[in-house]
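Okay, structure first, notes after.
Values in this text are rule-based calculations from the coordinates and carry no lab data. Every value quoted in this text rests on a predicted model; they were computed, and no experiment measured them. Quick reminder, even Gly has a Cβ in these numbers, built from the backbone with ideal geometry, and neighbours come from all protein chains shown.
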Amino acid sequence: MAGSELVTLRRGGMTWVVESARAEAIAREVLDRVATLAESPGATLVKRSLQRTVHRVGLSDGSIVIVKEYRVRNRRQRLKGLAFGSKAAAEWAASRRLLAMGVPASHAIALGLPASREGDIEGYLVVEVLPDVMSLGAYVTGGTPVPPPGNQGWHGPPACDALLRELAAFVRRLHDRGVRHGDLHEGNILVRASAPSPAERFLVIDLHRIRLGRPPGARHRARAIAQLLHGLAARVGAERRAAAAAFLDAYGASGPPLGGSAPSLEAVVRAVERRAAERLASRARRCLKNSTQFAVERSAGWRIWHRRDHGADEVLALWERHRASGHSVSQFPEGDATLEVRGYPRRGLVARLFGCAPAVRAYAGAHRAWLEAGGGPRAVAAAECLTGPERGRSFAVFSRGPE
């Protein structure tokens, strides 16, 4: 339990704080091989991003843990960690405090911090996995019937309606106890499929953005509910306003009147729409910076924006094939798809100083259009020449699937 005695261990340049009841097994089966979990039997990769890697590890006693590795990407993040502490430490502290308060939350059982700040590891966190849990999103789509697309209200199967009421009551309890989760989406709430009671059905995870204090006001409540409903309503085919109205009815009925702290339906609907727009804009911008799926780099005098499944050298080779073809637009087969290469005129000095290359605009526009439509031509790469006789030239690469 969160109140268990703690012990301190040192392994491989890391200082660990571990719950004493699990210390021996965790030290032997996790801490001693944490740097090489990807190669370890019993470990499964759950998620890998530029900042975090998550493994699911089965232990010899039959239990399962999640091991999170937090990394430092750049100097800015290092300075932020020095000022505010590591995300692993923040999540550890939040887990201990929430569980001590009786709030259902992920149970962190070990925290590892580097003895030196020189490396790229910010910290590790080991979290206990309860049996029969899944994310809220997975539970809604796989654990309960789903209404047909285009449903104009939240009139789903009884199991869906009951889940909504229980979820609203759970979020209300969090807020009334002064718990503010800065990222309360459907992936950060887990569902216990065989919970002994509705009050024990849900728990919150990813706690590094948790804040504890006084119960929040109407503005925070509306934002949190909107963030949750943004993805959840789409999964069950419910219209946003109907989903928000049903959620707020259950939210309000699960406790005493909130008065001025009560979120209004209009505020929640506006926040859902704003969240959807912000989410689309954020996803659209990812193709222009280093992210999980995209990269930006320089090679052979070119700046290249590209998907990670198409390397910079491959992109430049396509450009050479395009130039050799003598066409304004070239097409090259790639499996069942076709790669289309388009060249754009050279830009002058003034244009280079005050705007991005036309190829980059086309590439970013194609990616946004693909996100909005859920299909169509796919943005693969864009490049602009920075030096030499082709300076100012640019080209873009798109992938078109079979008709």
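Listed by Cβ neighbour count within 10 Å, with the fewest neighbours leading, VAL397, VAL133 appear as VAL133, VAL397.
Available extension along the chain between GLU273 and SER299 is 5.3 nm, counting 0.36 nm per residue and deducting the alpha carbon span. As I understand it, the value is the acute angle between the Cα axis of helix 158-176 and the longest principal axis of the Cα atoms of the chain; what does it come to in degrees, rounded to 10? Helix 158-176 sits roughly 80 degrees off the main axis of the chain. Taking every DSSP helix (H) stretch of at least 4 residues in the chain, weighting each as -39,500 (n - 2.57) and dividing the sum by the residue count yields a mean residue ellipticity at 222 nm of -11500 deg cm²/dmol. Taking the stretch 1-43 and a reference point 7 angstrom along Cα→Cβ of LEU212, the backbone N atoms nearer than 14 Å belong to 2-4. Site pair ARG117 and SER49 shows an inter-label distance of 2.4 nm when each label is modelled 7 Å from Cα along Cα→Cβ. Using the Karplus relation 6.51 cos²θ - 1.76 cosθ + 1.60 with θ = phi - 60°, the per-residue 3J(HN,Hα) values for the stretch 120-131 come to 9, 8, 7, x, 10, 9, 10, 10, 6, 9, 6, x Hz, with x marking Gly and Pro. Please give the helix 87-101 orientation as an angle from the longest Cα principal axis of the chain, in degrees from 0 to 90, rounded to the nearest 10. Relative to the chain, helix 87-101 is tipped by roughly 20 degrees. Gain on full extension, evaluated as 0.36 nm per residue between ARG283 and GLU128 minus their Cα-Cα distance, stands at 52.7 nm.
Under a Cβ-Cβ cut-off of 10 Å, what is the net charge of the residues other than THR53 that fall near it, where Lys and Arg count +1 and Asp and Glu count -1? So the environment of THR53 carries a net charge of +4.
Given an 8 Å cut-off on Cα distances and at least 6 residues of separation, report the relative contact order of the chain as a percent. Display every interim value, and only then the final one.
Details: 710 pairs, mean separation 43.0, N = 403.
Relative contact order comes out at 11 percent.
Put simply, the amide H of TRP302, placed in the peptide plane, has neighbours under 5 Å in LEU386, leaving out anything fewer than 5 places away on its chain.
Against the chain, whose longest principal axis comes from its Cα atoms, helix 358-373 is set at around 40 degrees.
Order these by the 10 Å Cβ neighbour count, fewest first: PHE395, PHE202. Provide the component values of the computation, followed by the final result.
Details: PHE395 26, PHE202 23.
Ranking PHE395, PHE202 by Cβ neighbours within 10 Å, fewest first, gives PHE202, PHE395.
Under the simplified labelling scheme, the SER197-LEU59 pair shows an inter-label distance of 2.8 nm, with each label point 7 Å from Cα along Cα→Cβ. In this structure the amide hydrogen of ASN290, modeled in the peptide plane, comes within under 5 Å of the amide hydrogens of VAL296, none closer than 5 places in sequence on its chain.
In which sequence would PHE398, PHE354 go, from the one with the fewest C-beta neighbours within 10 Å to the one with the most? Could you put the intermediate results ahead of the total?
Details: PHE398 24, PHE354 7.
Ascending Cβ contact count within 10 Å gives the list PHE354, PHE398.
Here's the picture: a label point sits 7 Å out from the Cα of ARG173 along the beta-carbon direction, and within the stretch 194-231 the residues with their amide nitrogen under 15 Å of it are 194-205. Computed from backbone phi, the HN-Hα couplings of the stretch 196-207 come to x, 8, x, 5, 10, 6, 10, 8, 9, 10, 6, 8 Hz, rounded to whole numbers (Karplus: 6.51 cos²θ - 1.76 cosθ + 1.60, θ = phi - 60°; Gly and Pro given as x). A cut-off of 5 Å between modelled amide H atoms, ignoring neighbours fewer than 5 places along the same chain, links GLU122 with TYR70, ARG71, VAL72.
So if R0 is 60 Å, what FRET efficiency would ALA100 and ALA337 give, r being the distance between their Cβ atoms, rounded to the nearest 0.05?
On the way: r = 54 Å, r/R0 = 0.90.
After rounding to 0.05, the efficiency reads 0.65.
Between the stretch 17-73 and the stretch 254-326, what's the alpha-carbon centroid distance in Å? Cα centres, the stretch 17-73 to the stretch 254-326: 30 Å.
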